[in-house]
Structures are given as structure tokens and as C-alpha cells.
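The values are calculated or read from the model by the stated rules, or taken from the named source; none is laboratory data. On a predicted model such as this, the values are computed, not experimentally measured, just so you know. As a convention, Cβ positions derive from the backbone with ideal geometry for all residues, glycine included, and neighbour counts pool all protein chains shown.
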Amino acid sequence: MRILVAGAGGMLGRDFMIAARERDHEVIGLSHADLDITNPAAVDRAISTHRPDVVVNCAAYTDVDGSESDERSAMRVNDEGAAFVASAAASIGAKVLQPSTDYVFDGSSHRPYVESDVTGAISAYGRTKLAGETSVAAANPRHFIVRASWLFGIAGKNFVETMLRLGEEGPEVLVVADQVGCPTYTRHLAEGIAELLESDEYGIHHMAADGECSWYEFAQEIFDQAGVECRVMAGTTEMLARPAPRPAYSVLDTERLNPIRLPHWRQGLAQYLAEREVVRQEAAA
Ligand SMILES: NC(=O)c1ccc[n+]([C@@H]2O[C@H](COP(=O)([O-])OP(=O)(O)OC[C@H]3O[C@@H](n4cnc5c(N)ncnc54)[C@H](OP(=O)(O)O)[C@@H]3O)[C@@H](O)[C@H]2O)c1
């Protein structure tokens, strides 16, 4: 297939390009500098020039706290931009894949969320992603909406990098223990998405790493696997007061009959740390 990727410079975009090429697809990657998805004429031009079979929209406004004070900017990218991409894809008969997030849920559940569960975003970012889901579905009947969670990958700022930096700076870190989710390696998600695109299983899919943990447990595992001596102290959401509210529990599961399942988050972390080392050695050489 010929696949066009918008937002190709981000964590998921970069890893999706690798995963799709490994499956022998022809991939055209456009970074933010190449294509601004909030410009409908530019989106139409890119899609009608490259005429892909599928458009994967990895472009997003992903600053969760920043969205709280500037929901309009987040909405322009995550809703309006996503709709321009989905609609331009529909105009040439192409499928569209739109990543979404566990933050479309309110987090009050005590069991993992499945695709048909009622949404109820509690943050501005979550509201913009939820609006994007609806707009993409309305604009293109051949849509895949893939909800993922707690992403970490080579091409972006992420929790693993933050912990490793803090672990170098001091002997202890305070991390929230009352938010539980599925930390997901973007390379694993990218491989799942590349497989899904070859199907006609349209609609919403939950695709996150196997297992669940709190940010506190994730931080402990990061230091263990990286061999860093740093004490992790358990904090609460209230103590760490961030601008955006976050779901207390946003573990994703699926009710699909033959779902694509991703490896465990501990395995994702191990592979991420190994890939990070290779990238660092290549940069130093
Ligand atoms: N990160 C997470 O924890 C997480 C969790 C669940 C779901 N998701 C979803 O997964 C998808 C991929 O996220 P990610 O973690 O890979 O994000 P990311 O690393 O922040 O990448 C997003 C990319 O989109 C680009 N972008 C922003 N505005 C754009 C615009 N108007 N036009 C074109 N490109 C634009 C950014 O470029 P600049 O940096 O130059 O602005 C960046 O390269 C998103 O849909 C996100 O909502 C993320």
C-alpha cells in the first residue's frame, strides 16, 4: 500500500514509518514543517499529489497541560485538522487512521475500558481528542480510530526521559501513585497500527501495552531496568497539582473479536532502553 503520514516527525510518526516500511509499504512522511494539517488547502494538495491508499494522521497537539489554557489551539489541530485530513482522504477514496487517547475517559471505572464504554473527557486535551474522533468518523466512513495510552518513543519528550534526567540530578523523585494506565512503546503501537491498516476493521480500536501500572510503579521499573540508583517516593495527584486533570484509572482493553495485542509494558520499556542506547552510540560515533 502507499501510505501518507502526517506528523511524521513525532514519536508515533517516526516509529510508524519504520514499522510500515518493514511491512514493505511505500511510505511518504510529512513532518509539521512539510504539512500543517490546520491548512485545508495544503492538506488537499498533499493528499491529491501523493494519492495514498491510506493516510495516517500522527499530527497532534499533545501538550496536555498546555491545552488547559489554550483549548482553542488544541482544538484546531486535534479536531479541525484531523477532520481536514480525514475528509481529503475520503475525497480520493483513501482510508484514514486517527490515533486517539485514554484521556477520552473520565477514569472513574474500576475495570479496563473497552471500545463501547461511555466517554467523558475531564481535560481540555481529552475533549479535543474526543471531538476529533467524532469529526474523523463523520468525514470518512473508512476510518480507524486507535485509542492508545501513555506513549513513550525515541522521537519525543516522554516520561522515561524525564525520569532518567531527574535520576541523574538527584537521589529521589516524587511520582504520582494514584493514576493507573498502560505505558505503551510507540514502536509496538506502530507495529500494531501497520497491521491493522491492512484490514477493513473500521471503527474504534483500543490498542495499548499489555498489563497496567501507576506512574510510580513505572518510574521504579525505569530505574531498575536502567540501573539507576534513585528512590521513588509515592505522591498523590493532589500533591503534584498539574494544570490538567487526568483520569485516575484509564487502562484500555478491547472487546474486538480478533484484536491486535501489544507486548507487555515492561517489554516495551526494555526495548525502548535498548533502542535509546543504539541511537546514543550512533550519535556519539
Ligand atoms: N503522547 C502520549 O502519551 C499519547 C497518548 C495517547 C495517544 N496519543 C496520541 O498519539 C498520537 C501521536 O502522538 P505522539 O506522542 O507521537 O505526539 P508527538 O510526539 O507530540 O508528535 C506530534 C507531532 O505532531 C506535530 N504537529 C503538531 N501540530 C501540527 C500541525 N498543525 N500540523 C502538522 N503537524 C503538527 C508535532 O510537530 P511539532 O513538534 O513541530 O509541533 C509533532 O511532530 C496523537 O494523536 C496523540 O494525541 C499520545
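When you check E161 against the structure, is it in a helix (DSSP H, G or I) and within 15 Å of the ligand (Cβ to nearest atom), yes or no? Lay out the reasoning, then the answer.
Numbers: in a helix (DSSP H, G or I): yes; within 15 Å of the ligand (Cβ to nearest atom): yes.
In short, yes.
Beta carbons closer than 7 Å, at least 6 apart along the sequence or on distinct chains, pair a first residue in the range 144-158 that is touching a residue at least 60 places away in the same chain (Cβ under 8 Å) with a second that is part of a loop (DSSP other than H, G, I, E, B) and within 6 Å of the ligand (Cβ to nearest atom) for A155/G9; A155/G10; G156/G10.
What number of residues in the range 44-68 are β-branched (V, I, T) and within 13 Å of the ligand (Cβ to nearest atom)? So that I can check it myself, show each step before the final result.
Step one: list which residues in the range 44-68 are β-branched (V, I, T), which gives 47, 49, 54-56, 62, 64.
Now narrow it down to the ones that are within 13 Å of the ligand (Cβ to nearest atom): 55-56, 62, 64.
Adding up the residues that qualify gives 4.
Can you find a residue in the range 113-132 that is more than 30 Å from Q225 (Cβ to Cβ), in contact (Cβ under 8 Å) with a residue 40 or more places away in the chain and touching a Leu at 6+ places or on another chain (Cβ under 7 Å)? So far as the range 113-132 goes, no, none of its residues is more than 30 Å from Q225 (Cβ to Cβ), in contact (Cβ under 8 Å) with a residue 40 or more places away in the chain and touching a Leu at 6+ places or on another chain (Cβ under 7 Å). Taking residues in the range 183-206 that are within 21 Å of V114 (Cβ to Cβ), and partners anywhere that are of a type in the set (K, R) and within 14 Å of the ligand (Cβ to nearest atom), the pairs with Cβ atoms closer than 6 Å and at least 6 places apart or on different chains are H206/R147.
Would you check if I92 is among the β-branched types (V, I, T), surrounded by fewer than 23 Cβ atoms within 10 Å (Cβ to Cβ) and more than 25 Å from N158 (Cα to Cα)? Steps first, please.
Details: among the β-branched types (V, I, T): yes; surrounded by fewer than 23 Cβ atoms within 10 Å (Cβ to Cβ): yes; more than 25 Å from N158 (Cα to Cα): yes.
So I92 fits the description; yes.
Quick one: in the range 91-113, of everything that is within 17 Å of the chain's Cα centre (by Cα) and away from the ligand (no atom under 12 Å from the Cβ), which residue is nearest to L197 (Cα to Cα)? I'd like the intermediate steps shown before the answer.
Here is the first cut: in the range 91-113, the residues within 17 Å of the chain's Cα centre (by Cα) are 96-105, 113.
Pick out the ones that are also away from the ligand (no atom under 12 Å from the Cβ) and you get 96, 113.
Details: V96: 9, Y113: 23 Å.
Within the range 91-113, the match that is nearest to L197 (Cα to Cα) is V96.
The listed residues are D53, D63, and the only one of them that is surrounded by 14 or more Cβ atoms within 10 Å (Cβ to Cβ) and more than 25 Å from E275 (Cβ to Cβ) turns out to be D53.
Yes/no per residue for (1) modelled with pLDDT under 95; (2) buried (at least 21 other Cβ atoms within 10 Å of the Cβ); (3) assigned to a loop (DSSP other than H, G, I, E, B):
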| site | (1), (2), (3) |
| --- | --- |
| S73 | no, no, no |
| N78 | no, yes, no |
| F84 | no, yes, no |
| L97 | no, yes, no |
| R111 | no, no, yes |
| S116 | no, no, yes |
| R127 | no, yes, no |
| E133 | no, yes, no |
| R147 | no, yes, no |
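Taking the condition under 21 Å from K129 (Cα atoms) and within 11 Å of the ligand (Cβ to nearest atom), does G29 pass? Answer is no for this residue.
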